[in-house]
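Each reported figure results from applying straightforward, stated rules to the coordinates on display, with no laboratory input. Note that the structure is a prediction, hence the values are computed from the model and not measured. Cβ sites come from the backbone with ideal geometry, for glycine too, and all protein chains shown count toward neighbours.
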Amino acid sequence: MSWAIWITGLPGSGKTTLARSAAAALEARGIPVKVLELDEIREVITPEPAYTDAEGDIVHRALVYMARLLTEAGVPVIIDATAHRRAWRELARELIPVFAEVQLRCPAEVCHEREQTRPRGRAPVSIYGHSLPRGTAGPAVDVPYEISLAPELRLDTQASDRWTQVQEIVYLARRLDRRASAKDACAHRRLSCK
């Protein structure tokens, strides 16, 4: 068994940068991590996305299921996904025994500015920024983002430097690693007693 950390926040808040940087820092410490990026997963599950509510639900549930399977196989996971509905992140908390949520804070205008420079090829530029006309199909357009009620870690991506933020995530991952090891040991003891 292993752990999963879900990095969430407004589009453009720095999720992908932090997820990749934290994974690299953990791997440098001998902890190989799989980063699940929703944009990549969406390309496989919905190659021609309609961005409907039902499609979003399927994609996010698939993401949670993948994370659960990886953690059950002993692979640590960092999830990089906005997941504007809190219910999707709560589903992960319910299904993954060793789970933590990192809530990123960043001013909306900074997020919007970053989204303008988003590389093409995945979601279209500005698709998240409520800058498209109402009714335009796209992820999280005209849908409010539901912040985490009790995340294990909150990071303001404008108030501290990236190195500090990465170290906070690494520290959280190490705590989760100890919890996962303790759960494994406890399960092993129960099995050997039978």
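One table, with the values for the structure above:
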item: Rounded to whole Hz, the Karplus (6.51, -1.76, 1.60) HN-Hα couplings of region 20-35, x for glycine and proline; result: 5, 5, 5, 4, 5, 5, 5, 4, 5, 9, x, 10, x, 10, 9, 9
item: In nm, spacing of pseudo-spin labels at Asp57 and Glu40 (7 Å Cα→C-beta vector); result: 2.8
item: Note, ³J(HN,Hα) from phi for region 54-69, Karplus 6.51, -1.76, 1.60, rounded to Hz, x at Gly and Pro; result: 5, 5, x, 5, 4, 4, 5, 5, 5, 4, 4, 5, 4, 4, 4, 4
item: Potential lengthening between Tyr65 and Ile31 on full extension [0.36 nm per residue; Cα-Cα distance subtracted]; result: 10.1 nm
item: Candidates per trypsin sites (Lys or Arg not before Pro) in region 1-98, loop by DSSP, up to 14 other Cβ within 10 Å; result: Arg29
item: Within-14-Å neighbourhood charge of Ser21 [Cβ basis; K, R +1; D, E -1]; result: -1
item: Length released on extending from Lys183 to Glu109, taking residue separation times 0.36 nm less the Cα-Cα span; result: 22.4 nm
item: Table column - 3J(HN,Hα) (Hz), region 93-106, Karplus curve with 6.51, -1.76, 1.60, x for Gly and Pro; result: 4, 6, 8, 10, x, 10, 9, 9, 10, 10, 9, 8, 10, 7
item: Three-way shape call for region 1-112 based on the alpha-carbon gyration tensor, with the a/c threshold at 1.5; result: oblate
item: Residues with amide H under 5 Å from that of Val75, placed H, sequence gap 5 or more; result: Ser2
item: Sum of side-chain charges, His60 neighbourhood, beta-carbon under 12 Å (Lys, Arg +1; Asp, Glu -1); result: +1
